[in-house]
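*Asks:* Mind having a look at this structure? Questions to follow.
The values are calculated or read from the model by the stated rules, or taken from the named source; none is laboratory data. Predicted model, so just to flag it, every value in this text is computed and none were measured. Don't worry about glycine lacking a Cβ; one is built from the backbone with ideal geometry, like all the others, and counts go over all protein chains shown. Accessible surface areas use protein heavy atoms only, side chains included; no ligands, DNA or RNA. Shrake-Rupley method; radii C 1.70, N 1.55, O 1.52, S 1.80 Å.
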Amino acid sequence: MIAVILAAGYGTRLQRDVLEDRSGRFAHLVGVAKPLLPVGSCQLISHWVQALTRSGSVHKIYVVTNALYQTAFEEWAAHFSNVKILSDQTRSNDERLGAVACLQLAVKHFEIKDHVIVIGGDTLFKEDFSLSEVKDRFYDLQTKCEENCLLLSYQCRDNETHKYGILEVDEDLRVICMKEKPRPTETTSRRACPCFYVFSKNSLPLLQTFLEEKKEAPIEEKDAPGNFVSWLIPRKPVHVHQISGRFDVGNLPSYTECDLYFKEKLQHVDSYMM
């Protein structure tokens, strides 16, 4: 199994917040890519690399970033023998390829033929999350059907459905559909879907099919990886694995909340996410 960490975003909201902050406490974060932000004892993305490595979940980790942050990621990756960096060659948010195109770029560049764990580079999970449990669940699904893919979900509040992709599932936890940022009245489900997916190797060719279909579409229709997931659900069997929640580092308040948790409340640092 391979891990692909999507880290080609420009963090425009967070950088705006940092530049507007007058306290001076966050001056060291100016120009820092979100996955490279210090969270607790290490950089955000390092939590993933450590957990993926210690748990034996994957044998290679590929990180897709952009030309603006490429050097910073390469300097960071020099400390890990199993990490490789790939740039999408863009230098601004307006040039961005979108997350789905970045994933396909990694699949083609590294000639990936294996199952893939896709991870959003600005996301971390609560302590109940376990890579080993996710891997076991995925391979159990694979024994039943080699087409099976796996998503995560967690319960969000009624007033949060408009922020997320919401999964509707059947009694076997197979996903029926994903509704993108629905109003609470538009679905009875409160299953939010974070950017963490396990795609079977049989599903990978569909990335190119999706991008070809969306070739003339605006970037918004192919940027978020959830757009591909919504498109994939009617075409491949997709199931869910429930977790309690996540940290989504989108702006300065969400970053400080995440950093504080990892500094003061994280109980099992050595086994986190394993």
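*Asks:* Does any residue of region 111-127 turn out to be in contact with a His (Cβ under 7 Å, 6 or more places away or on another chain) and open to solvent by 10 Å² or more (accessible area, probe 1.4 Å)?
*Replies:* yes
*Asks:* Quickly run through region 83-98 and pick out the residues that are farther than 17 Å from Gly121 by Cα and either in contact with a Phe, Trp or Tyr (Cβ under 6 Å, 6 or more places away or on another chain) or not hydroxyl-bearing (Ser, Thr, Tyr) (or both).
*Replies:* Answer for region 83-98, where residues must be farther than 17 Å from Gly121 by Cα and either in contact with a Phe, Trp or Tyr (Cβ under 6 Å, 6 or more places away or on another chain) or not hydroxyl-bearing (Ser, Thr, Tyr) (or both): Gln89, Arg91, Asp94, Glu95.
*Asks:* I need a count of the residues in region 2-33 that are open to solvent by 30 Å² or more (accessible area, probe 1.4 Å) and either closer than 30 Å to Ile112 by Cα or out of contact with any Gly (no Cβ under 8 Å at 6 or more places or on another chain) (or both).
*Replies:* 16
*Asks:* Ok, one more. What tally of residues in region 71-110 results from selecting those that are open to solvent by less than 40 Å² (accessible area, probe 1.4 Å), among the β-branched types (Val, Ile, Thr) and free of Cβ contacts under 8 Å to residues at least 60 places away in the same chain?
*Replies:* 2
*Asks:* Among the residues of region 4-58, what is the count of those that are assigned to a strand (DSSP E or B), in contact with a His (Cβ under 9 Å, 6 or more places away or on another chain) and not β-branched (Val, Ile, Thr)?
*Replies:* Here the count works out to 1.
*Asks:* Collect the residues in region 49-65 that are at positive phi and surrounded by 22 or more Cβ atoms within 10 Å (Cβ to Cβ), keeping them in residue-number order.
*Replies:* Those that are at positive phi and surrounded by 22 or more Cβ atoms within 10 Å (Cβ to Cβ): none in region 49-65.
Every residue, every condition in (1) open to solvent by 80 Å² or more (accessible area, probe 1.4 Å); (2) of a type in the set (A, V, I, L, M); (3) more than 23 Å from Gly9 (Cβ to Cβ); (4) modelled with pLDDT of 95 or more, yes or no:
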{"residue": "Val175", "(1), (2), (3), (4)": "no, yes, yes, yes"}
{"residue": "Glu180", "(1), (2), (3), (4)": "yes, no, no, no"}
{"residue": "Phe196", "(1), (2), (3), (4)": "no, no, no, yes"}
{"residue": "Leu204", "(1), (2), (3), (4)": "no, yes, no, yes"}
{"residue": "Thr209", "(1), (2), (3), (4)": "no, no, yes, yes"}
{"residue": "Ala224", "(1), (2), (3), (4)": "no, yes, no, no"}
{"residue": "His241", "(1), (2), (3), (4)": "no, no, yes, yes"}
{"residue": "Thr256", "(1), (2), (3), (4)": "no, no, no, yes"}
{"residue": "Val269", "(1), (2), (3), (4)": "no, yes, yes, no"}
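*Asks:* Can you name every residue in region 30-45 that is free of Cβ contacts under 8 Å to residues at least 24 places away in the same chain and within 22 Å of the chain's Cα centre (by Cα)?
*Replies:* Gly31, Cys42
*Asks:* If Leu44 satisfies every condition in (1) in contact with a helix residue (DSSP H, G or I) (Cβ under 9 Å, 6 or more places away or on another chain); (2) within 30 Å of Gln267 (Cα to Cα); (3) open to solvent by 30 Å² or more (accessible area, probe 1.4 Å) but one, which is the exception?
*Replies:* All conditions pass for Leu44, except number (3).
*Asks:* Leu266 is checked against (1) touching an Asp or Glu at 6+ places or on another chain (Cβ under 8 Å); (2) under 27 Å from Leu173 (Cα atoms) and fails just one. What number does that condition carry?
*Replies:* All conditions are met except number (2).
*Asks:* Just for helices (runs of 4 or more DSSP H) wholly inside region 159-271: which have at least 2 residues that are farther than 27 Å from Cys145 by Cα and in contact with a Phe, Trp or Tyr (Cβ under 7 Å, 6 or more places away or on another chain)?
*Replies:* In region 159-271, 252-264 are the helices (runs of 4 or more DSSP H) which contain 2 or more residues that are farther than 27 Å from Cys145 by Cα and in contact with a Phe, Trp or Tyr (Cβ under 7 Å, 6 or more places away or on another chain).
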